[in-house]
Amino acid sequence: MKELSYEGVPSGSKHETFQELSERGFSLIPVQGKRPRERGWTRWCSTYRPFDEIDFMPGDNAGITCGPASGIIVIDVDDPGLFEETCEEKDWIIPRTLTVRTGNDGFHYYFKYPEDGKKYGNRSFNGYGFDIRGEGGMVVAPGSIHPDTGKEYV
């Protein structure tokens with residue numbers, strides 16, 4: 001197994017990082033910037049997609065599909081200040097979990113997708129600074145580069 005960097009992201013090239021994420025059980029799709037590159041990509045939310053470097057064009061980022069295939073549901077925080085205020089106001093505590101700093105200085109908090117037979121989809125909470133990404137959703141993978149800021153997701 002490859003050595004991991006301090007942030008928990010495999011060291012090496014972007015495609016090596018994507019390969020390692022796939023080996024950890026994440027279902028990855030090719031994305032241009034932050035948009036899925038292929039039609040019908042949501043099928044990879046329920047069916048695991050093995051990583052194949054040939055599916056990714058030079059410069060592509062990777063998206064991690066949320067839902068049963070990757071086994072995750074993600075809190076996608078775009079406004080950390082507003083999200084923190086919301087957590088304090090509502091007395092929410094975010095438990096320690098896999099966390100990715102996005103390329104626009106937000107956060108993705110990864111949680112285990114519930115195995116209770118129910119479908120958990122996507123929901124926006126714009127007034128609170130976050131969204132939920134479940135089945136039918138995806139988040140940009142660590143190792144990818146934000147199309148506007150040029151910063152890496154780590």
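Miscellaneous remarks
- Residue list for region 98-122, restricted to those being open to solvent by 40 Å² or more (accessible area, probe 1.4 Å) and either in a loop (DSSP other than H, G, I, E, B) or in contact with an Asp or Glu (Cβ under 7 Å, 6 or more places away or on another chain) (or both): L98, N104, D105, P114, E115, D116, G117, K118, K119, Y120, N122
- Conditions (1) touching a Ser or Thr at 6+ places or on another chain (Cβ under 8 Å); (2) at pLDDT below 95; number of the one not met by G59: (1)
- Region 54-70 residues that are acidic (D, E), paired with ones that are outside any loop (DSSP other than H, G, I, E, B) (beta carbon under 7 Å, 6 or more apart): D55/P30; D60/P30; D60/V31; D60/Q32
- Complete set of residues in region 50-77 that are assigned to a strand (DSSP E or B) and of a type in the set (G, A, S): A62, G63, G67
- Filter pass, G81 being outside any loop (DSSP other than H, G, I, E, B), touching a residue at least 24 places away in the same chain (Cβ under 8 Å), surrounded by fewer than 16 Cβ atoms within 10 Å (Cβ to Cβ) and not basic (K, R): yes
- From the options R43, R35, R49, residue that is within 21 Å of P147 (Cβ to Cβ), among the charged types (D, E, K, R) and modelled with pLDDT of 95 or more: R35
- Residue within region 131-144 that is free of Cβ contacts under 8 Å to residues at least 40 places away in the same chain, closer than 27 Å to R49 by Cβ and open to solvent by 30 Å² or more (accessible area, probe 1.4 Å) present: no
The values are calculated or read from the model by the stated rules, or taken from the named source; none is laboratory data. This structure is a prediction, so every number in the text was calculated from the model and none was measured. Glycine gets a Cβ as well: all are built from the backbone with ideal geometry, and neighbour counts include every protein chain shown. Remember, those area values only see protein heavy atoms, side chains included, never the ligands or the DNA or RNA. Shrake-Rupley method; radii C 1.70, N 1.55, O 1.52, S 1.80 Å.
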